[in-house]
1. If the range 139-226 were replaced by its equivalent ellipsoid, with semi-axes equal to the square roots of 5 times the Cα gyration tensor eigenvalues, what would those be, largest first, whole Å?
2. Suppose each label sits 7 Å from its Cα in the direction of the beta carbon; what would the Thr48-Ser123 distance come out to in nanometres?
3. Could you sort Met96, Met55 by their accessible area in this structure, using a 1.4 Å probe and putting the largest first?
4. With the convex hull built on the Cα atoms of the range 102-150, state its orientation-averaged projected area in nm².
5. Percent of accessible area on the range 71-210 owned by carbon and sulfur, 1.4 Å probe?
6. With unit charges on the beta carbon (Lys/Arg positive, Asp/Glu negative), name the residue among Leu87, Ala130, His97 whose Cα is farthest towards the positive pole of the charge dipole of the range 40-160.
7. Between Asp92 and Val184, with labels modelled 7 Å along Cα→Cβ, what's the label distance in nm to one decimal, could you check?
8. State the Kirkwood hydrodynamic radius of the range 68-226 in Å, one decimal place, computed from all pairs of distinct Cα atoms.
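The values are calculated or read from the model by the stated rules, or taken from the named source; none is laboratory data. Since the structure is predicted, the reported quantities are computational estimates derived from the model, not experimental observations. Please note: Cβ atoms are built from the backbone with ideal geometry, for glycine as well, and neighbour counts cover all protein chains shown. Remember, those area values only see protein heavy atoms, side chains included, never the ligands or the DNA or RNA. Shrake-Rupley method; radii C 1.70, N 1.55, O 1.52, S 1.80 Å.
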Amino acid sequence: MPASARREPPEYPARPSALQTQVVADQEPVAATAAMETDGVLHDVQATLDSLAGMANGLSRQRQEMLKVQDALEERRAIAQDRERLLAEWEDRLRMHEQGLQEQKLGVELAAEQNAALLAERSAVLQALAESVESRDRAAIKRAELQEQEQRSLDRLSGQLQGRAKELDERDVAQQRQAAELAVRLRQLVDAKDRFSAIVKGFNETVRFNSALSSISNAVAATEGE
């Protein structure tokens, strides 16, 4: 409860002072006994009033304390209501957060499944690609070996061809040398042929001359015999 709404405690008459009592006693000096009795009554009344005033003050303090306690309770109640409202809001937020987390979890699980499927597919593709690459590597190695064998064969064949070419060159040189020798021999043969032809021609002419001479001799001899 606000402080402005508090009810003030009732006001009680102030307790008469000793001076007022003395004044009353001085005003009645004639009736001492009555004064004494009145003084006793007044003392009793004053004691009663003091007691009542103390009780009233005690009640007032208790009332004020109760009001303070009530204000504190109201304040605590308001704080408790605010806390309950905040807790309700936090619970709503927590539920929303949990719902969001659950949705995110489902999304993550779905994404994980999709990624797992994609990874499995990619793994299969990569496995096939690796096998293809390995097969290509084996084929390339085999081709390299074949090419190496072919290169060795070509090297051997090249060596053989070079050797044969060398032999052919040597044979060509020999043939050229033989051709030169044959040309020389041919010229010698031609010269010898020419000389032999000249000799044969001379021999034939000699034979013809001898034949003619013999004919003439025979003719002469025959003429002489007649």
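1. With the √(5λ) rule applied to the range 139-226, the semi-axes are 78, 12, 5 Å.
2. Label-label distance for Thr48 and Ser123, simple model: 10.4 nm.
3. Met96, Met55
4. Hull-based average projected area comes out at 3.2 nm².
5. After summing per-atom areas, the C and S share lands at 56 percent.
6. Ala130
7. The answer from the label model is 13.1 nm.
8. One over the average 1/r among Cα pairs gives 30.5 Å for the range 68-226.
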